[in-house]
Amino acid sequence: MMNDDTNALVLETMPSKRVLRDRIDRLSASADAKAILNDLLDVVIDVGGRMSAKTWRSTPSPASWRSQSRE
């Protein structure tokens with residue numbers, strides 16, 4: 001699992017949704033292909049957000065690690 005510094009680095013280097021949509025718009029592809037890519041972008045962002053939220057909720061804190069190791 002990634003630590004907080006790694007997570008911050010990954011999130012800082014990710015292009016914004018607007019930048020990704022602009023890149024899709026500049027592709028030399030049909031309008032239908034671009035529409036599919038834009039829909040896929042929305043799904044990936046939604047699923048990624050849910051996964052990272054679930055990971056943050058289910059990851060035990062370092063304080064709980066210490067208490068569990070003493071038992």
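Against the conditions (1) at pLDDT below 60; (2) open to solvent by less than 80 Å² (accessible area, probe 1.4 Å), Ala53 satisfies every one except (1). No other residue among Asp32, Asp5 is modelled with pLDDT of 95 or more and either in a helix (DSSP H, G or I) or under 11 Å from the mean Cα position of the chain (by Cα) (or both) apart from Asp32.
Does at least one position in segment 35-43 carry a residue that is open to solvent by 70 Å² or more (accessible area, probe 1.4 Å), in a helix (DSSP H, G or I), modelled with pLDDT of 65 or more and among the acidic types (Asp, Glu)? Within segment 35-43, one or more residues are open to solvent by 70 Å² or more (accessible area, probe 1.4 Å), in a helix (DSSP H, G or I), modelled with pLDDT of 65 or more and among the acidic types (Asp, Glu).
The values are calculated or read from the model by the stated rules, or taken from the named source; none is laboratory data. These numbers come from a predicted model, not from an experiment. Heads up: the accessible areas ignore ligands, DNA and RNA and are worked out on the full protein's heavy atoms, side chains in. Shrake-Rupley method; radii C 1.70, N 1.55, O 1.52, S 1.80 Å.
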